[in-house]
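First comes the structure, then the notes that go with it.
The values are calculated or read from the model by the stated rules, or taken from the named source; none is laboratory data. What you are looking at is a predicted structure, and each value in this text was computed from that prediction instead of being measured. Note: ideal-geometry Cβ built from the backbone for every residue, glycine included; neighbour counts use all protein chains shown. Quick note on the areas: whole protein, heavy atoms, side chains included, nothing else; ligands and nucleic acids left out. Shrake-Rupley method; radii C 1.70, N 1.55, O 1.52, S 1.80 Å.
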Amino acid sequence: TQLLEQSPQFLSIQEGENLTVYCNSSSVFSSLQWYRQEPGEGPVLLVTVVTGGEVKKLKRLTFQFGDARKDSSLHITAAQPGDTGLYLCAGGRSYIPTFGRGTSLIVHP
Amino acid sequence: NAGVMQNPRHLVRRRGQEARLRCSPMKGHSHVYWYRQLPEEGLKFMVYLQKENIIDESGMPKERFSAEFPKEGPSILRIQQVVRGDSAAYFCASSLGDNSPLHFGNGTRLTVT
């Protein structure tokens, strides 16, 4: 089983701050996805990264896939209360994504 | 709304009863996944199905749990003789196929009393 370790587990910051969360594994992934989950709802796909070293931007969110395709990071610039949620990374066997435990982010106004 | 639909949203069962969770995939999706989520454990894979076939059930307990995805109608996750440890949020996701991203429903929260 491929394991995905996410850090930090919890993050509480003020509006306007920048932050980075990480997703690491000892295994190589063919692709990796980032999801955001709000309380009482299902995860919503944010991005898929495929190529080692790839960088994707989604407004204030920047996603990077490591050169060796074993790790990924999510950087949020000028966080807003609406960014609050559980951020999950997922990857693994081609048809069964394995999920990390997530980073729970709270952005205070 | 053509998203993944799960029902019921909340389900309360007494120990020993049966729980039936339903999932209608997104239009055009023929691949369905069931995951279970507990706060301290994250999302755990249970079973992967295509129409009328179970492709991978390696994450599903051998006893009391079963899943189906019939030719017509929603996918069903069935838990027989529920125990308190079955209390969790159960999420269904669908996709177009291998390597396609998963689209999740809003889950069924099962509480066993």
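Using the Karplus curve 6.51 cos²θ - 1.76 cosθ + 1.60 with θ = phi - 60°, what ³J(HN,Hα) values do you get for each residue of the range A:19-30, in whole Hz, with x for Gly and Pro?
8, 9, 10, 10, 9, 10, 8, 8, 9, 8, 10, 6
Just counting partner chain Cβ atoms within 10 Å, what average do the residues of peptide A:32-43 show around their Cβ?
Details: counts 0, 2, 0, 4, 0, 5, 1, 0, 5, 5, 16, 9.
Averaged over the peptide's residues, the number is 4.
Compare each residue of the range B:67-113 in its chain alone against the assembly with all protein chains, and report those whose accessible area goes down by 20 Å² or more; 1.4 Å probe, heavy atoms.
With the partner chains in place, the range B:67-113 has these residues losing at least 20 Å²: B:Phe91, B:Asp98, B:Asn99, B:Pro101, B:Leu102, B:Phe104, B:Asn106, B:Arg109.
Determine one quarter of the surface area of the Cα convex hull of chain A, which equals its mean projected area, and express it in nm² to one decimal.
Details: hull surface 25.3 nm².
Projected over every direction and averaged, the Cα hull of chain A covers 6.3 nm².
Which cross-chain or sequence-distant (5 or more) residues have an amide H under 5 Å from the amide H of A:Thr98, H modelled 1.01 Å from N in plane?
A:Gly91, A:Gly92, A:Arg93
For A:Val44 and A:Gln9 in the same chain, what is the full-extension length gain: residue separation times 0.36 nm, less their Cα-Cα distance, in nm? Write down the numbers at each step before the final one.
Working: separation 35, 0.36 × 35 = 12.60 nm, distance 1.89 nm.
Using 0.36 nm per residue and subtracting the Cα-Cα distance, I get 10.7 nm.
Using amide H atoms built 1.01 Å from N in the peptide plane, name the residues 5+ places from B:Ser30, or on other chains, whose amide H lies under 5 Å from its own.
Amide H neighbours of B:Ser30, under 5 Å, 5+ apart: B:Ser95.
Pick from A:Leu88, A:Leu74, A:Leu45: which residue has the top mean-square fluctuation in a GNM of chain A where Cα pairs under 10 Å get a spring?
A:Leu45
For the interface of chains A and B, what total accessible area is buried with a 1.4 Å probe, rounded to the nearest 100 Å²?
Looking at A and B, the buried total is near 1600 Å².
Ignoring ligands, DNA and RNA, what percent of the accessible area of chain A is carbon or sulfur (1.4 Å)?
On the way: 2700 of 5350 Å².
It is 50 percent, rounded to a whole number.
With θ set to phi - 60° and the Karplus curve 6.51 cos²θ - 1.76 cosθ + 1.60, what are the ³J(HN,Hα) couplings of the range A:45-59 in order, to the nearest whole Hz, using x for Gly and Pro?
After applying 6.51 cos²θ - 1.76 cosθ + 1.60, I find 5, 9, 7, 10, 10, 10, 9, x, x, 5, 10, 10, 10, 9, 6 Hz.
Going through the range B:26-59, which trypsin sites (Lys or Arg not before Pro) have at most 14 other Cβ atoms within 10 Å and a DSSP loop state? Write out the running numbers ahead of the final one.
Details: sites: B:Lys27, B:Arg36, B:Lys44, B:Lys51; in loops: B:Lys27, B:Lys51.
Filter output for the range B:26-59: B:Lys27, B:Lys51.
For A:Thr84, enumerate residues with amide H under 5 Å from its amide H, sequence gap 5+ or separate chain, H modeled in the peptide plane.
Sorted by chain and number, the residues that satisfy this are A:Val107.
Using a simple spin-label model with points 7 Å from Cα along the Cα→Cβ vector, what separation in nm is obtained for A:Tyr95 and B:Val12?
The two pseudo-label positions are separated by 4.0 nm.
Probe of 1.4 angstrom, ligands and nucleic acids ignored: what's the accessible area per residue over chain B, in square angstrom? Walk me through the numbers before you get to the answer.
Numbers: 5780 Å² over 113 residues.
Result: 51 Å² of accessible area for each residue.
For chain A, what does the accessible surface come to per residue with a 1.4 Å probe? Please give it in Å².
On the way: 5350 Å² over 109 residues.
Per-residue accessible area for chain A comes out at 49 Å².
Karplus couplings for the range B:77-93 from phi (6.51 cos²θ - 1.76 cosθ + 1.60, θ = phi - 60°), rounded to Hz, Gly and Pro as x?
So the Karplus estimates, Gly and Pro as x, are 10, 10, 10, 8, 6, 4, 10, 4, x, 7, 4, 4, 9, 10, 10, 10, 9 Hz.
Just list whichever of B:Lys27/B:Lys62; A:Lys57/B:Lys27; A:Lys70/B:Lys44 have alpha carbons separated by over 22 Å in the model shown.
Numbers: B:Lys27/B:Lys62 30 Å; A:Lys57/B:Lys27 28 Å; A:Lys70/B:Lys44 20 Å.
Distance filter (> 22 Å) returns B:Lys27/B:Lys62; A:Lys57/B:Lys27.
B:Arg78 to B:Arg22: extension gain in nm, 0.36 nm per residue of separation minus the Cα-Cα distance?
Working: separation 56, 0.36 × 56 = 20.16 nm, distance 0.88 nm.
Separation in residues times 0.36 nm, less the Cα-Cα distance, equals 19.3 nm.
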